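The next block holds one structure in the form of structure tokens; read it before the comments.
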Amino acid sequence: MKINPSNKELYTDSGTFLKRLHCPISVMWKDMSENGSNTRMCSGCEKTIHDTEHLSDAELEHLLTNDPQACLKINLNQDNVKIIH
Amino acid sequence: MLFKRLLDIFRTKPNSQTKKGEITCTECGLVYDNTLRFFKREASECPDCQYVKILTDKSFDEINDGLRVIRTIRGETAIKAAKDMGLKLLELRAEVSDEFKVKYKKLQHRKTGEIITIGDFREGNGSEWKTLVNWTSENPSKFFSPFAAYIIPKDLKKGERVFINDVITNHVSGRWNQGDVYRLSKSEATWTGEDFYIDVRSYAIGEFIG
């Protein structure tokens with residue numbers, strides 16, 4: 001996947017737009033409680049946040065097709081993320 | 001009054017190469033074409049340095065995610081004008097730290113001629129792309145003046161959380177393990193009574209959630 005840090009738009013490696021990340025609540029990943037192998041519960045909105053570190057582009061597309069509002073966590077330094085400007 | 005002030009600020013420089021119908025912001029030097037359209041659009045600020053924005057009442061009514069927006073003004077002229085208007089200011093020296101850098105490489109497709117800019121070492125290694133500009137690091141933040149100030153609403157209470165859309169001081173919003181260091185340009189902050197405590201975490205870009 002690719003992300004533009006300035007507008008937080010997320011794309012697949014082939015350039016398909018996935019979503020624009022936006023969260024009005026300032027909650028950090030480390031402050032969330034685990035509720036699955038790669039997911040955590042946000043105390044601010046009680047939604048499940050998916051860690052994308054181990055997700056392929058296909059898995060991510062499948063996740064967002066089923067739930068376009070799915071919340072994601074992406075770290076700038078994870079191996080499967082490329083930065084675009 | 002406002003129109004007179006606008007003309008004063010955006011007057012055409014007599015000896016410049018500005019064409020008829022163009023106006024120049026005396027604060028940052030931006031040439032703005034088509035004066036008539038500028039005023040018809042009811043814009044009230046230089047699109048580059050936003051100088052005249054301080055002359056409008058809207059500056060104090062803006063809300064972002066439920067927080068009052070603190071307006072930043074830059075340049076000696078803007079600060080002097082704000083003082084003349086009796087506005088309360090927090091003046092700070094604006095100097096971009098050398099710490100911030102963003103790398104890029106420009107490539108051109110050998111067949112289509114398409115030019116792209118990439119920012120990741122892992123991209124653009126295919127033989128169909130030729131390098132136009134090799135990896136270069138630049139500091140993308142530039143201030144046109146070392147003088148800057150926040151306009152402090154007179155009713156701002158100690159402890160009030162606000163949104164600053166143009167942070168003056170230098171804070172790192174994120175670091176990438178390929179060497180890029182990003183500057184925090186906007187942030188939530190808390191008024192301490194004398195200064196703003198910048199909550200870097202509110203707009204940090206090391207980790208994205210959403």
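Of note:
- Of the residues making up the range A:65-85, those that are farther than 18 Å from A:ASN4 by Cα and either among the small types (Gly, Ala, Ser) or in contact (Cβ under 8 Å) with a residue 24 or more places away in the chain (or both) number 2.
- Some residue of the range B:91-109 being free of Cβ contacts under 8 Å to residues at least 24 places away in the same chain, more than 28 Å from the chain's Cα centre (by Cα), outside any strand (DSSP E or B) and away from chain A (no Cβ under 13 Å): no
- Residues located in the range B:172-210, provided they are farther than 19 Å from B:LYS101 by Cβ, more than 8 Å from every other protein chain (Cβ to nearest Cβ) and in a loop (DSSP other than H, G, I, E, B): B:LYS186, B:THR192, B:GLY193, B:GLU194, B:ASP195
- Residue in the range B:190-210 that is more than 27 Å from B:PHE144 (Cβ to Cβ) and buried (at least 20 other Cβ atoms within 10 Å of the Cβ) present: yes
- Note on the range B:62-82: among residues that are among the polar types (S, T, N, Q) and assigned to a strand (DSSP E or B), the one that is nearest to A:ILE25 (Cα to Cα) is B:ASN64.
- Within the set B:VAL133, B:VAL167, B:VAL162, the sole residue that is touching an Asp or Glu at 6+ places or on another chain (Cβ under 8 Å) and among the β-branched types (Val, Ile, Thr) turns out to be B:VAL162.
- A:ASN77 fulfils the conditions (1) part of a loop (DSSP other than H, G, I, E, B); (2) farther than 19 Å from B:ASP120 by Cα; (3) within 9 Å of chain B (Cβ to nearest Cβ) except for a single criterion, (2).
- The set of residues from the range B:97-130 being within 20 Å of B:VAL172 (Cα to Cα) and touching a strand residue (DSSP E or B) at 6+ places or on another chain (Cβ under 7 Å) comprises B:GLU99, B:PHE100, B:LYS101, B:VAL102, B:LYS103, B:TYR104, B:GLY119, B:ASP120.
- Among the residues of the range A:23-51, the ones that are in a loop (DSSP other than H, G, I, E, B), modelled with pLDDT under 85 and loosely packed, with under 11 Cβ neighbours inside 10 Å come to 1 in all.
The values are calculated or read from the model by the stated rules, or taken from the named source; none is laboratory data. Everything numeric in this text was worked out from a predicted model, so none of it was measured. Here the Cβ is made from the backbone with ideal geometry for all residues, glycine too, and neighbour counts use every protein chain on show.
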